[in-house]
Amino acid sequence: MKPVATPATSSVASMSHAWRSLRHRNFQLFFFGQSISVIGNWMTRLATSWLVYRMTHSVLLLGVVGFSGQILSFLLGPVAGVWVERLNRRKLLVATQAAAAVQSLALAALTLTHVITLWEVIVLTAMQGLINAFDMPGRQSFLVQMVEDRNDLSNAIAINSSMANGARLIGPAVAGLVVGAFGEGWCFLLDGFSYFAVIASLLLMHIKPMEVRHRTSSMLEEMREGWDYVRTFRPIRSILLLFAVGSMMGYSYPVLLPFFAAQVLHGGATTLGWLTGASGVGAVVSALSLAVRKSVVGLVRMVQIASTMLGSALILFGFSHTLWISLVLMGFVGFGLIQTASASNTIIQSLVKEGMRARVMGYYTMAFFGSAPFGSLLAGVLAARIGAAHTVMVTGACCVAGSVWFALELPKVKAEMRPIYEEMGLLPAQQEAALEAVPGA
């Protein structure tokens with residue numbers, strides 16, 4: 001007799017399904033090591049913003065520092081994608097994490113000895129951008145090696161996002177307390193040591209070596225192949241364009257948060273931590289909602305909805321002068337931003353050909369870390385001219401406009417995605433047709 005499913009067993013099965021990629025030992029190691037590191041990374045982000053604002057009291061210079069931290073990721077994204085395909089990805093990630101540790105420890109030493117200058121902050125932030133240009137495509141394409149069952153890949157992406165955004169909730173809240181009690185330098189120091197957790201997790205993994213394809217083409221030829229693939233394949237092209245708009249306009253708000261915390265909401269580093277943490281709450285909810293999904297099918301519509309939510313919340317945030325309202329709106333901003341980023345990542349990873357994966361993820365890095373510097377710089381310039389509140393309203397309106405354009409693209413995007421998902425068994429068209437042929441089905 002077939003057992004009857006109760007609500008309780010269905011709930012347990014759903015939760016078990018949500019964490020299924022953690023059954024892979026390598027991904028378990030990565031998850032726990034990266035969790036510690038990303039908390040430290042978010043502590044450094046908040047501490048850097050507050051340090052720059054404390055030193056300069058300039059929203060323009062906040063934008064300049066944001067620009068310096070991401071411009072190299074934009075310029076090097078396509079090149080990094082080609083390099084990643086030629087390298088051992090685990091060794092590459094060990095190298096990038098070690099370099100990031102050196103960067104954070106140098107920032108800590110200069111800050112704790114009270115000799116740090118704005119130019120040193122800019123240079124060290126740019127160094128982190130250089131590291132991210134190679135680290136992000138390497139990490140995203142390495143997921144395939146950590147999670148051997150391709151059916152668990154989208155879940156691993158969602159859990160990776162959940163972990164990163166759980167840290168986004170914890171890190172800024174802790175950083176606000178640490179900065180208020182001890183100063184920014186201790187945040188940088190803790191971040192520097194946190195990278196050793198990731199390095200240890202990478203070294204403990206048992207990775208099957210990937211087959212190395214003999215390459216007869218040059219790097220320039222492979223870069224052109226990657227560009228042609230992204231340019232001519234409408235689903236990836238359209239998703240990356242919307243994601244780039246969201247990153248450029250929607251992700252520019254963090255550089256202005258110190259101003260909102262100090263001048264609009266009349267707080268300090270702790271208030272900044274609450275604002276950043278509130279966006280982290282929304283981001284965690286967003287990532288968990290992706291983790292419980294059983295299929296990538298339907299996510300493309302969610303990308304458009306999330307972009308609209310992101311833009312609308314930013315517009316309303318510009319009007320707010322009350323802390324609790326600002327915190328609620330930051331939750332919606334975090335949800336919309338991460339839903340756009342993670343859903344885009346999941347869809348792209350499900351569609352891309354294996355031989356193009358690292359190159360396409362190089363363009364994803366370019367859209368994510370690359371568009372943001374121009375948005376940060378634009379936000380700083382606009383805020384200096386029209387005010388921070390009006391600036392986030394303008395950037396929010398651009399996100400909404402991007403979502404309207406994407407809605408018009410959706411029918412063509414879905415039409416090109418459908419044959420791929422049918423081949424993968426996600427859209428069993430033949431079974432549907434068979435059911436339709438049965439009377440009463």
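The values are calculated or read from the model by the stated rules, or taken from the named source; none is laboratory data. Note that this is a predicted model, so its numbers are computed, not measured. Note: ideal-geometry Cβ built from the backbone for every residue, glycine included; neighbour counts use all protein chains shown. Each accessible area value is taken on the protein alone, full model and side chains, heavy atoms only, with ligands, DNA and RNA left out. Shrake-Rupley method; radii C 1.70, N 1.55, O 1.52, S 1.80 Å.
FRET efficiency for the pair Leu241 and Val381, taken as 1/(1 + (r/R0)^6) with r the Cβ-Cβ distance and R0 = 22 Å, rounds to 0.40.
Compared with the dominant Cα axis of the chain, that is its longest principal axis, helix 59-86 is turned about 40°. Could you work out the mean projected area of the convex hull around the alpha carbons of the chain, in square nanometres to one decimal? Over every viewing direction, the Cα hull of the chain projects on average to 23.7 nm². Distance between the modelled labels on Leu220 and Trp324, one decimal in nanometres: 6.3 nm (7 Å Cα→Cβ projection). For a paramagnetic label modelled at 7 Å from the Cα of Leu408 toward its Cβ, which residues of the stretch 234-271 fall within the zone defined by backbone nitrogen distances under 15 Å? Counting only backbone N, you get 238, 242. Alpha-carbon geometry of the stretch 195-322: the Rg and the Dmax are 20.7, 61 Å, given in that order. Helix 323-351 and the longest principal axis of the C-alpha atoms of the chain enclose an angle of approximately 40°.
Between Met55 and Ala200, the FRET efficiency from the beta-carbon distance, with R0 = 30 Å, is close to 0.30.
A crude spin-label estimate for the pair Thr232 and Ala109, with each label 7 Å from Cα along the Cβ direction, gives 5.1 nm.
Set the Cα radius of gyration of the stretch 15-130 against 2.2 N^0.38 Å, with N its number of residues, and you get 1.28.
Our helix-only sum for the chain, with -39,500 (n - 2.57) per DSSP H run of n ≥ 4 divided by its residues, gives a mean residue ellipticity at 222 nm of -27500 deg cm²/dmol. Computed over the chain with a Gaussian network model linking Cα atoms closer than 10 Å, the most mobile of Ala261, Ala269, Ala200 is Ala200. Result for the chain in a Gaussian network model with C-alpha springs under 10 Å: among Glu184, Glu221, Glu423, the largest mean-square fluctuation is at Glu423. Counting heavy atoms of the protein chains alone, Ile315 has an accessible area of about 50 Å² for a 1.4 Å probe. Rounded, prolate or oblate: which fits the stretch 347-416 when a ≥ b ≥ c are the square roots of the eigenvalues of the alpha-carbon gyration tensor, with rounded for a/c under 1.5 and prolate only if a/b beats b/c? Verdict is oblate for the stretch 347-416.
Computed from Cα positions, the angle between helix 269-291 and the longest principal axis of the chain comes to roughly 0 degrees.
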